[in-house]
Amino acid sequence: MPRSENARRLALELGAVFAGDSRDRPPVALDSAILFAPAGELVPVAMRALDRGGTLAVAGIHLSDIPSLHYSEELFQERQLRSVTANTRQDGKELMDLAARIPLRPTTTTYPFEEANRALMDLAEDRVNGAAVLRIGSGRGR
């Protein structure tokens with residue numbers, strides 16, 4: 001559930017069934033969710049979106065403080081909160097194997113390496129739809 005309208009529109013174009021604001025409750029309770037945003041205040045919101053026995057994985061490298069959780073609304077009924085700290089090479093291989101089997105349609109905006117600062121500014125200002133990719137050199141012969 002992306003924060004920006006452009007990202008929500010892209011998610012729907014790519015086949016998402018629901019793309020609400022990060023604070024919206026999805027139309028059905030979730031079995032699991034992954035929180036990439038470095039915003040600890042979204043943890044209780046995501047926990048409330050889970051079904052009984054659901055798991056929230058916090059996958060950011062950095063995260064602001066998580067506010068107090070309300071047991072009955074956010075943890076009760078065996079909901080789980082987990083952090084994800086690193087992936088192995090095997091994890092990456094399995095992800096790439098899975099990606100080859102499903103119809104991924106990534107959306108990217110490419111920048112020459114020399115324009116990395118512009119790419120970062122465009123990301124910060126929500127001018128990138130999808131992922132920003134830095135192109136290093138000509139990309140030939142490697």
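The values are calculated or read from the model by the stated rules, or taken from the named source; none is laboratory data. Bear in mind that the values here come from a model prediction, so they are computed numbers and not experimental data. Methodologically, a virtual Cβ is constructed for each residue, glycine included, from the backbone with ideal geometry; neighbour enumeration extends over all protein chains shown. With ligands, DNA and RNA removed, areas are computed over all heavy atoms of the protein, side chains included. Shrake-Rupley method; radii C 1.70, N 1.55, O 1.52, S 1.80 Å.
Observations, loosely collected:
- Qualifying residues in the stretch 9-68 (those that are touching a Lys or Arg at 6+ places or on another chain (Cβ under 9 Å) and polar (S, T, N, Q)) - the one modelled with the lowest pLDDT: SER22
- Residue in the stretch 114-126 that is part of a helix (DSSP H, G or I) and within 17 Å of the chain's Cα centre (by Cα) present: yes
- For the stretch 78-101, filtering for residues that are within 26 Å of GLY15 (Cβ to Cβ), surrounded by fewer than 11 Cβ atoms within 10 Å (Cβ to Cβ) and over 18 Å from the mean Cα position of the chain (by Cα) leaves 4.
- Flag if ARG89 is of a type in the set (Lys, Arg), out of contact with any Cys (no Cβ under 6 Å at 6 or more places or on another chain), within 24 Å of ASP31 (Cβ to Cβ) and modelled with pLDDT under 95: no
- Number of the condition not met by THR109 [criteria: (1) hydroxyl-bearing (Ser, Thr, Tyr); (2) more than 25 Å from ARG127 (Cβ to Cβ); (3) surrounded by 12 or more Cβ atoms within 10 Å (Cβ to Cβ)]: (2)
- In the stretch 88-135, the residues that are among the β-branched types (Val, Ile, Thr), without any contact (Cβ under 8 Å) to a residue 12 or more places away in the chain and within 22 Å of MET1 (Cβ to Cβ): ILE102
- If the condition is being in contact with an Asp or Glu (Cβ under 6 Å, 6 or more places away or on another chain) and over 18 Å from PHE76 (Cα atoms), then the stretch 2-56 contributes SER4, GLY40.
- Tally, over the stretch 16-53, of residues that are open to solvent by 50 Å² or more (accessible area, probe 1.4 Å), part of a loop (DSSP other than H, G, I, E, B) and in contact (Cβ under 8 Å) with a residue 24 or more places away in the chain: 5
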